[in-house]
Amino acid sequence: METNICKNCNYQTNEEYCSKCGHPVKLKKIDRDFIIQEIKSALFTDKGFLYTSKKIILSPGDSVRQYIEEDRSRYVKPITYLIVTSLIYAIISHLLKSNYYTQYHVQIQSVMNHIFTWIMENRVYSSIIMDFYMAFFIKILFRKSKYNLFEIFILMCYLSGIKVLFISVALIIQTLVNTNIITVLLSISMIYSFWAIGQFFEKKKAKSYFKAILSYVMGAFSLSLIFSIVAIIEALIRQ
């Protein structure tokens, strides 16, 4: 039998899979069947984007805990998930020639307008920054929890991805029925975030959901305060 060298660990073996590291000795040739199988695997099996979305929407707290503590192979990585959902939104808004964020913030003047413009033009970066910022306040309220700041940040990345999906769906529905439902859906997504955060920590205790709301309010208020201070400083500089 032919002896091969594993390209992953350089171990000699005559098996199909390396007996030392488990890596396949010969990778399957990339062809049409390979691509089709990869698409099926990503969309319709017990892992991948649709699996991640379904689990995060239906049981966000339990799913993120599973990702952190038990099994990370089934889920799309949190930042990758955020990038993919942002790409979906960008494609949908381009095809429908509709941009919720631009419409929503069109009345904002001067520096605030520049800030929101940067946030919307750099959705992935801004989401990562704000998710980490919000995770900080959540950690303060849940300081006795076993989860550290970075694990809470993982939760926030997934929730931001779901929020972007909500808005993408809302854009499609709004185009079809010619009715503004974005504001309603954003309210629903905020309530969903409170529920998800509470479920992540202690889903059977009412105070967990109260602290989730409080942490969100604290984070949003302080962020608005920072934006306002920046706007005031720039206005003074311009005078």
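The values are calculated or read from the model by the stated rules, or taken from the named source; none is laboratory data. The model shown is predicted, which means the values in this text are computed figures rather than measured ones. We place every Cβ from the backbone using ideal geometry, glycine too, and count neighbours over all the protein chains shown.
The set of residues in the range 17-56 that are at pLDDT 80 or above and surrounded by 14 or more Cβ atoms within 10 Å (Cβ to Cβ) comprises G48, F49, Y51, T52, S53, K55, I56.
For the range 152-168, the criterion of being in a helix (DSSP H, G or I), surrounded by fewer than 15 Cβ atoms within 10 Å (Cβ to Cβ) and assigned by TED's automatic domain parsing to the domain that holds I91 is satisfied by no residue at all. Among residues of the range 200-223 that are over 18 Å from F153 (Cα atoms), those with a beta-carbon under 6 Å from a residue that is modelled with pLDDT of 90 or more at least six positions away or on a different chain give the pairs K203/G61.
Residues of the range 176-204 that are out of contact with any Leu (no Cβ under 9 Å at 6 or more places or on another chain), modelled with pLDDT under 85 and assigned to a helix (DSSP H, G or I): L176, V177, T183, V184, L185, L186, S187. Which residues, counting only those in the range 224-239, are more than 24 Å from C157 (Cα to Cα) and either modelled with pLDDT of 75 or more or aliphatic (A, V, I, L, M) (or both)? Once the filter is applied, which keeps residues that are more than 24 Å from C157 (Cα to Cα) and either modelled with pLDDT of 75 or more or aliphatic (A, V, I, L, M) (or both), the range 224-239 yields I229, V230, A231, I232, I233, A235, L236, I237.
Checked against the criterion of being among the charged types (D, E, K, R), assigned to a helix (DSSP H, G or I), surrounded by fewer than 16 Cβ atoms within 10 Å (Cβ to Cβ) and assigned by TED's automatic domain parsing to the domain that holds L95, the candidates K139, K207, K146 yield just one match: K207.
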